[in-house]
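Here the structure comes first, spelled out in structure tokens, and everything after it is commentary.
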Amino acid sequence: MSLYCFENVRTPEQRAEMARLDAAGICLFCPEHLTSHPQQRILLSTGHWSVTPNEFPYEGTSLHVLLVPDQHARDLLELSDEVRSDFWVALAATAKAYGVRHYGLGVRNGDCHLTGATIAVLVGSDDPGAPPVRMRFSARPGYQPRSG
């Protein structure tokens with residue numbers, strides 16, 4: 001069983017990195033791997049959360065960071081009360097550190113084949129020519145959108 005959901009890949013580079021990590025049995029979001037990954041870095045941390053840039057940000061973002069809990073969970077509701085409470089501390093610290101005036105908060109829980117399963121803070125670009133930020137919140141395996 002794979003650690004990663006390859007159907008959520010947006011670039012060939014992202015697919016290659018996910019395949020490399022998966023083949024090595026490395027969960028990038030485990031604290032010991034997140035701190036030792038050559039491209040990832042911890043921007044800030046709280047008692048239970050780390051904030052790291054998304055190495056493959058969504059188009060149109062001027063900031064795309066991931067909030068990663070130290071505790072493994074497929075759903076925010078599986079986290080302890082203490083960890084869930086500390087999430088708001090991590091979010092506030094992120095907004096303050098980056099002087100964020102506006103942002104979107106994407107929380108996707110459960111099976112990553114259906115959701116993407118991340119917690120992201122997304123800041124759209126102030127550039128009026130930049131595309132709008134679009135984050136997929138759900139998926140259906142095998143779904144093909146209708147054309148026209």
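The values are calculated or read from the model by the stated rules, or taken from the named source; none is laboratory data. Being a predicted model, the structure only gives us computed values, none of them experimental. Cβ coordinates were reconstructed from backbone atoms using ideal geometry, including for glycine residues, and neighbour counts include every protein chain displayed. Note: accessible area is taken over every heavy atom of the protein model, side chains too, but ligands, DNA and RNA are not part of it. Shrake-Rupley method; radii C 1.70, N 1.55, O 1.52, S 1.80 Å.
Quick check on this structure: which one of Thr61, Thr46, Thr35 is among the polar types (S, T, N, Q), surrounded by 14 or more Cβ atoms within 10 Å (Cβ to Cβ) and more than 30 Å from Gly129 (Cα to Cα)? If you could, list the steps in order and put the result at the bottom.
Numbers: Thr61 fails: more than 30 Å from Gly129 (Cα to Cα); Thr35 fails: surrounded by 14 or more Cβ atoms within 10 Å (Cβ to Cβ).
Sole residue among the options that is among the polar types (S, T, N, Q), surrounded by 14 or more Cβ atoms within 10 Å (Cβ to Cβ) and more than 30 Å from Gly129 (Cα to Cα): Thr46.
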Next item on the list: Using the structure shown, decide if Arg108 is of a type in the set (Lys, Arg), surrounded by 14 or more Cβ atoms within 10 Å (Cβ to Cβ), touching a residue at least 12 places away in the same chain (Cβ under 8 Å) and within 20 Å of Ser2 (Cβ to Cβ).
Entry: yes
Item checked: Top-ranked residue of region 1-32 - restricted to ones that are assigned to a loop (DSSP other than H, G, I, E, B) and touching a His at 6+ places or on another chain (Cβ under 7 Å), ranked as surrounded by the most Cβ atoms within 10 Å (Cβ to Cβ) -> Leu28
Notebook entry, point to check: What single numbered condition from (1) under 19 Å from Leu122 (Cβ atoms); (2) in a loop (DSSP other than H, G, I, E, B); (3) under 17 Å from the mean Cα position of the chain (by Cα) fails to hold for His37?
Noted result: (1)
Item checked: First in region 2-20 and in contact (Cβ under 8 Å) with a residue 12 or more places away in the chain, second anywhere and among the small types (Gly, Ala, Ser) and open to solvent by 50 Å² or more (accessible area, probe 1.4 Å), Cβ under 8 Å, 6 or more apart -> Leu3/Gly25
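Quick check on region 86-105: of everything there that is assigned to a loop (DSSP other than H, G, I, E, B) and within 21 Å of Arg136 (Cβ to Cβ), which residue is most open to solvent (accessible area, probe 1.4 Å)?
Of region 86-105, the ones assigned to a loop (DSSP other than H, G, I, E, B) are 98-103.
Still in the running and within 21 Å of Arg136 (Cβ to Cβ): 102-103.
Details: His102: 80, Tyr103: 109 Å².
Across region 86-105, the extreme among qualifying residues is Tyr103.
Yes/no per residue for (1) in contact with a helix residue (DSSP H, G or I) (Cβ under 7 Å, 6 or more places away or on another chain); (2) open to solvent by 30 Å² or more (accessible area, probe 1.4 Å); (3) at pLDDT 90 or above; (4) not in a loop (DSSP other than H, G, I, E, B):
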{"position": "Phe56", "(1), (2), (3), (4)": "yes, yes, no, no"}
{"position": "Val65", "(1), (2), (3), (4)": "yes, no, yes, yes"}
{"position": "Ala73", "(1), (2), (3), (4)": "no, yes, no, no"}
{"position": "Arg84", "(1), (2), (3), (4)": "yes, yes, yes, yes"}
